[in-house]
Each structure stands twice: as C-alpha cells, then as structure tokens.
Amino acid sequence: MMTKPTPRAHPAASHGVGRILVLSRLPLVAQAVAAALASRGRDVVALVWAGDDAAASTRMVRQAAEDDLMIVLDELEDESAVEQILSLVSGTRARCMVITTHPPDRAWGALLDHGVAAILPGESSLEKVEEVIALAGRGADMMQPEVREHALQEHTSWTDERSDIEARFARLSPRELQVLELLAAGHRVREVSEIVGRTEGTVRSQIKSVRHKLGVHSQLAAVVIAHRMGLGDGPR
C-alpha cells in the first residue's frame with residue numbers, strides 16, 4: 001500500500017545546474033547515461049541504487065546541493081519502487097528528474113505530487129534530456145504542463161478510488177479477507193476450502209459475502225480489486 005511522504009518543495013536554482021547524480025538499479029545503465037552526459041561537459045556521477053551500493057548512493061543524494069540534479073532511471077514496476085524514489089526525493093535538496101518506460105499514469109502523478117520536478121519517457125533522446133537539464137538550469141518548468149496535469153489527475157482519481165475501496169475492505173471479516181487473498185493468489189475454490197479447512201459451500205458463501213461488501217457482481221471483479229489493493233500476484 002502506497003504511503004504518502006510529506007511533500008517537499010525543491011526551489012529552482014537561478015545559476016544553472018551543478019552536479020548531476022545519475023541513479024539506476026543497474027550499474028551499466030547508470031554508467032552509460034552518466035558517460036553520455038559527461039561527454040556534453042556535464043559534471044556527472046553514476047550511482048548504483050541497489051544491493052550493497054544503495055546505502056552509499058543514498059548518502060550522496062542526501063548530501064547533494066540545491067543546484068544539483070538527480071536523474072533516476074527506473075521502471076516503476078510497483079508501488080514500492082515509487083515509494084523508494086519518494087524517499088530519496090524527501091531526503092535531498094537536489095531537484096529530481098525520473099526517466100522511465102512506465103506509461104504516464106498514477107505512478108507519475110504520485111511522483112510529481114511529492115516533489116519530482118519532471119518525468120521523461122524511457123525512449124527520450126540524449127538531446128531531450130539535455131533540453132530538460134537546461135530548463136532546470138534556467139529555473140523553468142521542466143515538463144509539459146498538459147502531461148503533468150494528466151498524471152496528477154490520474155493520481156488524484158486513484159487516491160479517491162482507493163479510499164473508497166479501503167473503506168469497503170474494512171468491512172471484510174478476517175476469514176473473508178483470507179479467502180479473497182487466496183483467490184487473488186490464483187487458488188480455486190476447492191483449494192481455498194482445503195487451505196482454510198472449510199467446506200466448498202462455506203467458502204462460496206464467504207465469497208458471496210465478499211462480493212456484496214465490495215459492491216461487485218462477480219468473483220473475478222473482487223479479485224481484480226484485490227490485485228489493485230496489493231493482494232495476490234496480479235497487476236497493481
């Protein structure tokens with residue numbers, strides 16, 4: 001479940017961009033992007049944001065100056081990835097740009113809502129990245145307003161929807177929640193009955209109660225909601 005860190009304002013520098021910190025979970029990716037920017041005369045450092053190197057990279061981010069720029073290269077595969085980036089943003093004075101292949105949806109909105117200055121598609125050219133860095137140096141908006149607004153709206157809509165779903169989930173009994181989680185994990189009704197030690201008829205009655213409390217008309221719809229709430233192995 002995504003938490004909401006305290007939004008942090010990152011003032012625009014008026015005297016250009018200082019050091020650029022390029023972060024990726026993949027060393028070769030961070031090094032390649034850093035080398036490309038360094039070839040353009042930028043002061044760049046590549047940081048590996050995973051494994052044994054994560055702590056040292058995080059310390060460098062926290063020590064960054066106000067006119068520095070952090071570029072995070074990440075796939076935003078799940079909510080935990082978004083939360084990790086937000087943790088970086090909340091702990092640094094540097095501005096942050098994210099480059100990702102993830103589509104512009106609520107994940108983008110969550111990042112923008114909590115201090116990320118700009119997000120670029122993964123296929124962006126080096127020239128486009130340089131253009132955005134130049135905008136940062138001038139203290140200008142680093143992202144197209146319409147793209148930003150769309151992502152923020154997606155985030156707001158999901159936040160409102162999630163609050164409603166959480167209220168419905170709160171009505172489920174512990175047993176009903178267990179049954180729903182097992183269904184969301186891909187178990188059939190017969191398998192669920194064996195796991196919880198109840199008859200199939202009892203399990204089906206519990207599923208019916210789950211559907212009623214969640215306000216859906218099918219078991220599949222209940223499972224879809226469960227996946228969106230982080231239960232099971234489905235898409236978030």
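The values are calculated or read from the model by the stated rules, or taken from the named source; none is laboratory data. All values reported here derive from a predicted model rather than from experimental measurement. Don't worry about glycine lacking a Cβ; one is built from the backbone with ideal geometry, like all the others, and counts go over all protein chains shown.
Does Glu131 qualify as being more than 12 Å from the chain's Cα centre (by Cα), charged (D, E, K, R) and under 17 Å from Val44 (Cβ atoms)?
Yes.
Residues checked against (1) touching a helix residue (DSSP H, G or I) at 6+ places or on another chain (Cβ under 6 Å); (2) assigned to a helix (DSSP H, G or I); (3) of a type in the set (A, V, I, L, M, F, W, C):
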residue: Glu146; (1), (2), (3): no, yes, no
residue: Thr156; (1), (2), (3): no, yes, no
residue: Arg162; (1), (2), (3): no, yes, no
residue: Arg171; (1), (2), (3): yes, no, no
residue: Leu180; (1), (2), (3): yes, yes, yes
residue: His187; (1), (2), (3): no, no, no
residue: Glu191; (1), (2), (3): no, yes, no
residue: Gly201; (1), (2), (3): no, yes, no
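Take segment 135-144 and flag every residue that is in contact (Cβ under 8 Å) with a residue 40 or more places away in the chain and assigned to a loop (DSSP other than H, G, I, E, B).
Gly139, Ala140, Met142
Is it the case that some residue within segment 143-154 is more than 25 Å from Gly109 (Cβ to Cβ), surrounded by 15 or more Cβ atoms within 10 Å (Cβ to Cβ) and modelled with pLDDT of 90 or more?
No, segment 143-154 has no match at all.
If the requirement is being among the charged types (D, E, K, R) and within 27 Å of Ala38 (Cα to Cα), which of these qualifies: Glu123, Glu161, Glu149, Glu77?
After ruling out the rest, the residue left standing is Glu123.
Please determine whether any residue of segment 185-198 is within 14 Å of Val216 (Cβ to Cβ) and buried (at least 17 other Cβ atoms within 10 Å of the Cβ).
no
Given the criterion in the same structural domain as Ala136 (by TED's automatic domain parsing), within 22 Å of Glu127 (Cβ to Cβ) and in a strand (DSSP E or B), identify the matching residue among Ala46, Ala35.
Among Ala46, Ala35, only Ala46 is in the same structural domain as Ala136 (by TED's automatic domain parsing), within 22 Å of Glu127 (Cβ to Cβ) and in a strand (DSSP E or B).
For a quick check of your reading: which strands (runs of 3 or more DSSP E) sit entirely within segment 53-132 and have at least 1 residues that are of a type in the set (Ser, Thr, Tyr)?
Per the criteria, 95-100.
How many residues are exposed (fewer than 14 other Cβ atoms within 10 Å of the Cβ) and either touching a residue at least 60 places away in the same chain (Cβ under 8 Å) or of a type in the set (Gly, Ala, Ser) (or both) if we restrict to segment 108-123?
1
Between a first residue in segment 73-86 that is assigned by TED's automatic domain parsing to the domain that holds Ala54 and closer than 18 Å to Pro27 by Cβ and a second residue that is hydroxyl-bearing (Ser, Thr, Tyr) and surrounded by fewer than 21 Cβ atoms within 10 Å (Cβ to Cβ), which pairs have beta carbons less than 8 Å apart while being 6 or more apart in sequence or on different chains?
Going by the 8 Å Cβ cut-off, the qualifying pairs are Glu75/Thr101.
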